[in-house]
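One structure is given below, encoded as structure tokens.
Nothing in this text is a laboratory measurement; each read-out follows from the coordinates by a stated rule. As the structure is a prediction and not an experimental result, all values here were calculated from the model. Counting neighbours? That spans all protein chains shown, and the Cβs are built from the backbone with ideal geometry, glycine included.
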Amino acid sequence: MTAVGIGQALAARELWKNELQHGIPLPQKHYASPMKRALHTFQETFASGDLVNSTELRVLILEVHT
């Protein structure tokens, strides 16, 4: 993940924290690409810090074979 990407994830986290104060609920399901960068972005946005309890957070990765 690049420094820009980390900054964007941190900004998204702060946005979610702000919206929570106005009653918007956190997503109940999270979907992310299995690509390493996408999972890292998800981690920085939702699982790191104090936004959600990371011990209760689960990510389902589905593989589609064509």
Completion exercise
Per the rule of 0.36 nm per residue minus the C-alpha distance, extending Gln28 to Trp16 adds in nm 3.0 nm
Fill in the blank from the handout: So, over other residues within a Cβ distance under 15 Å of Arg13, counting Lys, Arg +1 and Asp, Glu -1, the net charge is -3
